[in-house]
Each structure stands twice: as structure tokens, then as C-alpha cells.
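Working notes, beginning with the structure itself.
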Amino acid sequence: MGTILKCTNLAKSYGTTEAVKNIDMTLEENTIYGLIGRNGAGKTSLLNIITGSIFQDYGEVEIAGKKINRSEDIEDLCYVKEKILLFNHVKVMELLEIASAFHKNWDWDFAKDLLKMFELNPEKKFRQLSRGMESHVGIIIGLASRAPLTIFDEPVLGLDVIMREKFYSIMLEDYSNYPRTILMSTHLVNEITKIVEKIYIIDSGKILLHEDMDSFRNKSYYVTGNRKGVENFIEGKNVIQCETQGNIMIAALFDTINDKEMHNARRLDLSIDGMPLQKFFTYFVDGRNHIE
Ligand SMILES: Nc1ncnc2c1ncn2[C@@H]1O[C@H](COP(=O)(O)OP(=O)(O)OP(=O)(O)O)[C@@H](O)[C@H]1O
């Protein structure tokens with residue numbers, strides 16, 4: 001598979017705040033990525049640099065093999081910001097018309113279907129929309145653009161669970177018909193595990209981890225059982241959190257467990273269960289969290 005985005009050694013500070021610290025990131029064609037991080041981790045700053053919305057202090061960005069300069073119109077990119085500013089007085093339909101002019105793969109039939117699916121009145125002015133409706137407009141632009149690289153910054157802000165599920169399923173269906181690369185930042189860690197193929201975890205301006213979701217699932221486990229047994233089992237393994245309650249120990253592992261070790265665990269009467277991404281994220285990024 002080819003590369004659609006390549007960032008090398010990106011850095012950005014605001015005064016003394018280092019928002020992005022020497023980030024390298026490579027996105028492959030036709031893949032859905034999740035970018036997860038806490039508040040203030042640097043997600044928006046990174047996405048703004050990638051898309052030429054702000055200028056990095058140093059480092060390089062290439063989209064589809066072309067070096068990106070600030071404020072340049074990037075043909076292969078659709079960037080849906082967390083908040084669409086500057087268009088308050090414009091009607092929804094006018095906003096879609098503006099967006100359509102920038103994207104060569106724009107699909108009007110799909111855009112109109114999406115307006116109906118999200119029950120959005122195209123004659124309403126942007127300033128009359130609720131927060132959730134604003135997100136719908138961003139989602140319509142992002143999906144109907146069918147850009148080779150589509151970047152959503154917090155696309156589901158203000159959407160209820162039904163509308164979020166609707167967005168995820170429409171996106172997946174459209175992606176299977178029109179493969180492209182989608183990078184989506186979000187706080188809703190558990191929800192995106194069903195959608196994304198790869199994740200990047202960012203914290204304090206640095207990429208802490210990037211991982212294939214399949215490989216993540218094969219590496220993230222809870223091991224529970226009597227203390228001695230768990231201690232023996234986890235020796236030499238990558239343990240990200242460990243707790244004891246009386247004689248019972250629970251260890252959160254980020255490591256592979258081979259067949260022989262699985263057999264060994266059964267012999268020691270240990271239980272091995274998959275760990276959800278959200279739990280992994282909290283232990284990994286904020287080690288103070290307790291195992292529940
Ligand atoms: N225009 C700015 N001026 C000064 N500091 C900024 C500016 N934009 C961001 N920052 C700082 O840079 C850091 C990263 O912010 P950023 O908005 O990129 O994080 P984020 O991960 O998108 O956060 P959130 O999830 O809360 O939106 C934070 O410490 C933030 O306060």
C-alpha cells in the first residue's frame with residue numbers, strides 16, 4: 001500500500017507551551033486511523049499543521065508525495081475542523097456549495113442523501129444550528145468530499161449515541177465502496193475501536209504509540225489469579241498496570257501470549273481476558289488509574 005501522508009519531525013510551540021514535539025507520522029492509503037489523546041494532548045495542533053492551517057516551527061509534511069506549505073489549497077485533502085468558523089451567516093446548502101468547489105470527487109447525490117439522513121434543513125443558516133447539527137454539516141462535507149485524505153477533528157461532538165452510530169455505519173459503508181484514508185481524532189476511545197484499523201496515541205505533544213487494532217487486540221490482556229501464579233506468569237512481560245486484592249492479583253499486559261503460555265496459564269488456574277482500548281489508554285497514559 002502507498003503512503004498518503006508523511007510527517008517528519010514536526011514541532012510547534014505556543015510561547016513556552018510545546019504543543020507538538022518532534023512527531024513522525026505515516027498514514028497509508030485506504031486505511032481508517034484514530035488519533036486519541038487527552039484534553040490538551042496536541043491533537044488539534046497536529047491536525048492543523050498537517051493540513052496547513054497553522055505553520056510548524058520545524059519539520060515537514062507531505063500529502064500524496066507533495067510537500068505542504070501553509071494556506072495552500074491541498075487538492076487531495078478534506079479537513080473538517082472541530083468548529084466551522086467564519087460561516088455563521090451562510091446557509092447550510094451554500095456551505096456545501098462552497099465545499100463542493102474544493103473537492104474534485106464531491107458527490108452531490110450522496111451529500112443530499114446525507115442531508116435527509118441527518119434531517120438537516122439546507123435552508124437554515126449556520127448560526128441557527130445546534131452543536132450537534134454543526135457536527136452533521138462537518139460530517140456531510142467530510143464524507144461527500146470523498147477526498148483521498150479526509151481528516152475529522154472530533155466529528156461527533158454534540159451528537160447523541162444514535163446519531164454517532166449512524167455516522168459510524170454510514171462512514172464504514174461508504175469507505176467500503178470508496179476506499180480512502182480517514183484520520184479521526186476523538187475522546188470516545190471505546191467507540192472508535194469498532195471503526196478504526198490503526199490508532200495513534202498522543203500525549204503531551206508526543207506520539208506514545210501507534211498500533212494496528214488487530215495487533216493491539218492480540219497484545220492487550222488482563223491476567224487474573226492467585227498472586228504467586230500471576231507473578232510467575234508476568235515475569236519478563238510488558239506489564240502496564242498491576243494490582244493486588246488480598247491474595248488475588250490482576251495484571252494488565254501489553255505483550256503477546258503464545259500458545260504454550262496460554263496452556264501454562266490454564267495450568268496455573270489464571271484467567272486471561274481481553275482489555276478494552278479505553279482501559280489500556282487510561283493505564284498507559286495515566287498510570288495512576290486503578291484496575292476495576
Ligand atoms: N492558539 C494557542 N495559543 C496558545 N496555546 C495553545 C494554542 N492552541 C493550543 N494551545 C496549547 O497547546 C496544547 C495542545 O493543544 P491542542 O488544542 O492541540 O490539544 P487537543 O489535544 O486538541 O485538546 P482538546 O482535546 O482539549 O481539544 C495545549 O496546552 C493548549 O493549551
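Between beta-carbons, use under 12 Å as the cut-off and find the net charge around residue 110, counting Lys and Arg +1, Asp and Glu -1.
It works out to a net charge of -2.
Which order, highest average first, do 20-27, 138-145, 207-214 follow once you tally other Cβ atoms within 10 Å for each residue and take the mean per peptide?
138-145, 20-27, 207-214
Beyond 21 Å between alpha-carbons counts as too far, so tell me which of 83/206; 125/166; 194/260; 66/112; 194/279; 6/66 fall in that bin. Display every interim value, and only then the final one.
Numbers: 83/206 24 Å; 125/166 24 Å; 194/260 29 Å; 66/112 32 Å; 194/279 15 Å; 6/66 10 Å.
Listed pairs above 21 Å: 83/206; 125/166; 194/260; 66/112.
Would the range 148-242 count as rounded, prolate or oblate if I go by the C-alpha gyration tensor, calling it rounded below 1.5 in a/c and otherwise prolate when a/b exceeds b/c, oblate otherwise? Each step should come with its number before you reach the end.
Numbers: a/c = 2.37, a/b = 2.19, b/c = 1.08.
Here the range 148-242 falls in the prolate category.
Before rounding to the nearest 500, sum -39500 (n - 2.57) across all DSSP H runs of length at least 4 in the chain and divide by the residue total; then give [θ] at 222 nm in deg cm²/dmol. Walk me through the intermediate numbers first.
Values: 10 runs with 96 residues, N = 292.
Mean residue ellipticity at 222 nm (helix-derived): -9500 deg cm²/dmol.
Calculate the translational D of the range 118-159 in whole µm² s⁻¹ from Stokes-Einstein, where the hydrodynamic radius comes from the Kirkwood formula applied to all Cα pairs, the temperature is 37 °C and the viscosity 0.692 mPa s. Before the final figure, lay out the partial values.
Details: Rh = 10.9 Å.
It diffuses with D of about 300 µm²/s by this estimate.
Just add up the charged neighbours of residue 178: K/R +1, D/E -1, any other residue whose Cβ is under 9 Å from the Cβ of residue 178.
Working: positive: 146, 180; negative: 107, 174.
In short, 0.
What are the ³J(HN,Hα) values, in whole Hz, obtained from phi via the Karplus relation 6.51 cos²θ - 1.76 cosθ + 1.60 with θ = phi - 60°, for each residue of the range 159-170 in sequence order, with x given for Gly and Pro?
Going residue by residue, I get 8, 6, 4, 5, 5, 5, 4, 4, 4, 4, 6, 5 Hz, with x marking Gly and Pro.
At a threshold of 8 angstrom on Cα-Cα distance, excluding pairs fewer than six apart, so keeping six or more, what relative contact order does the range 169-260 reach in percent? It would help to have the intermediate numbers written out before the result.
Working: 98 pairs, mean separation 19.2, N = 92.
This gives 21 percent for the range 169-260.
Using alpha carbon coordinates only, what is the Rg to Rh ratio of the chain, with Rh defined as the Kirkwood radius? Don't skip to the end; give the middle numbers.
On the way: Rg = 21.6 Å, Rh = 20.8 Å.
Checking Rg against Rh, the ratio lands at 1.04.
Could you sort 267-275, 128-136 so that the peptide with the highest average Cβ count within 10 Å comes first and the rest follow in order?
Values: 267-275: 13.9, 128-136: 17.0.
Those peptides, ordered most packed to least, come out 128-136, 267-275.
Rounded, prolate or oblate: which fits the range 85-157, taking a ≥ b ≥ c as square roots of the Cα gyration tensor eigenvalues, rounded meaning a/c under 1.5, else prolate when a/b beats b/c? Spell out each step's value before the answer.
Working: a/c = 1.44, a/b = 1.32, b/c = 1.10.
It is rounded, given that a/c, with a ≥ b ≥ c, falls under 1.5.
In the neighborhood of residue 218, defined by Cβ-to-Cβ distances under 12 Å, what is the net charge if each Lys or Arg adds +1 and each Asp or Glu adds -1? All intermediate terms of the calculation are to be shown ahead of the outcome.
On the way: positive: 217, 219; negative: 211, 212, 214, 255.
Here the count lands on -2.
For the chain, what does the relative contact order come out to in percent, with C-alpha contacts under 8 Å and a separation of six or more?
Numbers: 541 pairs, mean separation 56.2, N = 292.
After rounding, I find 19 percent.
Considering Cα pairs under 8 angstrom that are at least six residues apart, work out the relative contact order of the range 1-152 and quote it in whole percent.
Working: 233 pairs, mean separation 36.0, N = 152.
That works out to 24 percent.
Quantify, in whole percent, the carbon and sulfur part of the accessible surface of the range 91-138 (1.4 Å probe; protein heavy atoms only). Present the calculation step by step, with values, prior to reporting the outcome.
On the way: 1290 of 2560 Å².
The computed percentage sits at 50.
The values are calculated or read from the model by the stated rules, or taken from the named source; none is laboratory data. Source: prediction; values computed, not measured. Using ideal geometry, Cβ is built from the backbone for each residue, glycine included, and neighbour counts are taken over all protein chains shown. Each accessible area value is taken on the protein alone, full model and side chains, heavy atoms only, with ligands, DNA and RNA left out. Shrake-Rupley method; radii C 1.70, N 1.55, O 1.52, S 1.80 Å.
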